[in-house]
Amino acid sequence: MPLAIHGVVVRKDGTRETISIGEQDTDPVFVVTDLLVHLSSKQMEKKASVVVEGENLDILIGSRPLAGEEKDAAAAQILKLLRETYHIEKEDLMSAELEVVPAGKARECGLDRSMIMAYGQDDRICAYTSLAAMLDTEQVDRTACCILVDKEEIGSVGATGMHSRFFENAVAELYEKLEGFSELKLRRALAHSTMISSDVSAAYDPMYTDVYEKRSSSFFGRGPVFTKHTGSRGKSGSNDANAEYIAKLRRVFDDNHVGFQMAEMGKIDAGGGGTIAYILAAYGMEVIDGGVAVLCMHAPWEISSKADVYEAYKGYRAFLKDMR
């Protein structure tokens, strides 16, 4: 599978180099090598979770030796290219943040072109529609906010994850500038806020019916998905939106002619998933999970419905405009 490298390298003097290799048609791409099936008899005996182990995910980045070098000649050639192209020394890689992702553009999927196939739709598909909806909503009665956070898949940790105090501090700074900071006012503002935690859900896949409950699954073409509670094997570790809040959301979406659906994440005992909703709910905020249903979630290429993406955008706009 062709891979691209994205990220940033920061030198000791504070200057930075933005890296993006593999997305343009003229760019080279990178790969993780695969064991040929003719020699994989022992590998085929492993459980699926360890067929490819983490330490075997090194990236093939070059093979041409540097003329005149006898030791690590191929590595020397790569370092020479980094110096010439990006003005990066080997030591600069210590202060680099580089990600390797599937290379390639989003494509229309299906003979009817009704779907989108792309890498990383969980959760860029929800981030894009949320931000676009806010920027396109000119008049709001309540302050509109779109929070884009990182590291949700590893527990929302770190300074850029939802467990950080960034949002709380940002609201505190606004109070300080507008009318003077008050801890009580800050807590009241957060508790009186409403939120849609924009995250994808699993679309029903007829190839794997044994892990879905069809009567409570989300489907392509029926609009964004509200999930009353996520969590694993029931409600474990989840937020659980109350009935009154869901009723208000139903009114807003129906009044604005937005199609939507209610669903759960597969059968109760099959597994489950989580979002950042429970973190905001700790403030007393009204929160529910709401996003686009996707097929092949977490696969290198995920699939969504164009109709659902558009309805999600419409729904987020309706929420910002009419939610009371």
Legend entry - Residues being surrounded by 14 or more Cβ atoms within 10 Å (Cβ to Cβ) and farther than 16 Å from GLY221 by Cβ - total across the stretch 254-269: 6
Inset, instruction - Please enumerate the residues belonging to the stretch 188-200 that are within 28 Å of the chain's Cα centre (by Cα) and either surrounded by fewer than 15 Cβ atoms within 10 Å (Cβ to Cβ) or of a type in the set (A, V, I, L, M) (or both). - result: ALA189, LEU190, ALA191, HIS192, MET195, ILE196, VAL200
Inset, instruction - Go over the candidates LYS90, LYS71, LYS105 one by one and state the one that is closer than 20 Å to PRO28 by Cα and loosely packed, with under 13 Cβ neighbours inside 10 Å. - result: LYS105
Inset, instruction - Would you be able to tell me the number of residues in the stretch 230-244 that are surrounded by 17 or more Cβ atoms within 10 Å (Cβ to Cβ) and of a type outside the set (Val, Ile, Thr)? - result: 4
Inset, instruction - Of all residues in the stretch 11-41, count the ones that are within 24 Å of LEU57 (Cβ to Cβ), touching a helix residue (DSSP H, G or I) at 6+ places or on another chain (Cβ under 9 Å) and either assigned to a loop (DSSP other than H, G, I, E, B) or not assigned by TED's automatic domain parsing to the domain that holds ALA96 (or both). - result: 3
Inset, instruction - With respect to THR227, determine if the residue is surrounded by fewer than 18 Cβ atoms within 10 Å (Cβ to Cβ) and either in contact (Cβ under 8 Å) with a residue 24 or more places away in the chain or of a type outside the set (D, E, K, R) (or both). - result: no
Inset, instruction - Report, ordered by the first and then the second residue, all pairs with beta carbons closer than 9 Å, sequence separation of six or more or different chains, a first member in the stretch 109-126 that is in the same structural domain as PHE220 (by TED's automatic domain parsing) and surrounded by 17 or more Cβ atoms within 10 Å (Cβ to Cβ), and a second member that is among the basic types (Lys, Arg) and in a strand (DSSP E or B). - result: ILE116/ARG107; MET117/ARG107; ALA118/ARG107
Legend entry - Filter pass, VAL52 being at negative phi, surrounded by 13 or more Cβ atoms within 10 Å (Cβ to Cβ) and part of a strand (DSSP E or B): no
Legend entry - Subset of the stretch 224-236 that is assigned to a loop (DSSP other than H, G, I, E, B) and under 19 Å from the mean Cα position of the chain (by Cα) - its residue that is nearest to THR129 (Cα to Cα): PRO224
Legend entry - Elements of type strands (runs of 3 or more DSSP E) in the stretch 68-173, at least 1 residues being farther than 28 Å from ILE19 by Cβ, at pLDDT 95 or above and not charged (D, E, K, R): 107-109, 115-118
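Each row is one residue, and each column tells you yes or no for (1) modelled with pLDDT under 90; (2) touching a His at 6+ places or on another chain (Cβ under 6 Å).
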| residue | (1), (2) |
| --- | --- |
| ASP210 | no, no |
| SER217 | no, no |
| PRO224 | no, no |
| THR227 | no, no |
| LYS235 | yes, yes |
| ASP255 | no, no |
| MET262 | no, no |
| ILE268 | yes, no |
| LEU295 | no, no |
Legend entry - Any chance ILE78 is touching a strand residue (DSSP E or B) at 6+ places or on another chain (Cβ under 7 Å) and either within 15 Å of LEU93 (Cβ to Cβ) or of a type in the set (Lys, Arg) (or both): no
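Residue by residue, here is whether (1) aliphatic (A, V, I, L, M); (2) in contact (Cβ under 8 Å) with a residue 60 or more places away in the chain holds:
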{"position": "ARG250", "(1), (2)": "no, no"}
{"position": "HIS257", "(1), (2)": "no, no"}
{"position": "GLU264", "(1), (2)": "no, no"}
{"position": "ALA281", "(1), (2)": "yes, no"}
{"position": "ASP289", "(1), (2)": "no, yes"}
{"position": "LEU295", "(1), (2)": "yes, yes"}
{"position": "GLU302", "(1), (2)": "no, yes"}
{"position": "ASP308", "(1), (2)": "no, yes"}
{"position": "LYS321", "(1), (2)": "no, yes"}
Legend entry - Filtered residues of the stretch 18-49 (kept if under 20 Å from LEU3 (Cα atoms), surrounded by 10 or more Cβ atoms within 10 Å (Cβ to Cβ) and not hydrophobic (A, V, I, L, M, F, W, C)): SER20, GLY22, GLU23, GLN24, ASP27, PRO28, THR33, ASP34
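Return yes when VAL140 is touching a Phe, Trp or Tyr at 6+ places or on another chain (Cβ under 7 Å) and either surrounded by 12 or more Cβ atoms within 10 Å (Cβ to Cβ) or of a type in the set (Val, Ile, Thr) (or both) and no when it is not.
Answer is no for this residue.
Please go through the stretch 210-223 and give me each residue that is surrounded by 12 or more Cβ atoms within 10 Å (Cβ to Cβ) and outside any loop (DSSP other than H, G, I, E, B), ordered by number. Reasoning before the result, please.
Our first condition is that a residue be surrounded by 12 or more Cβ atoms within 10 Å (Cβ to Cβ); within the stretch 210-223, this holds for 211-213, 216-223.
Scanning the stretch 210-223 gives VAL211, SER216, SER218.
The values are calculated or read from the model by the stated rules, or taken from the named source; none is laboratory data. Quantities reported herein were computed from a predicted structural model and do not represent experimental measurements. All Cβ positions, glycine included, derive from the backbone under ideal geometry; neighbour counts span all protein chains shown.
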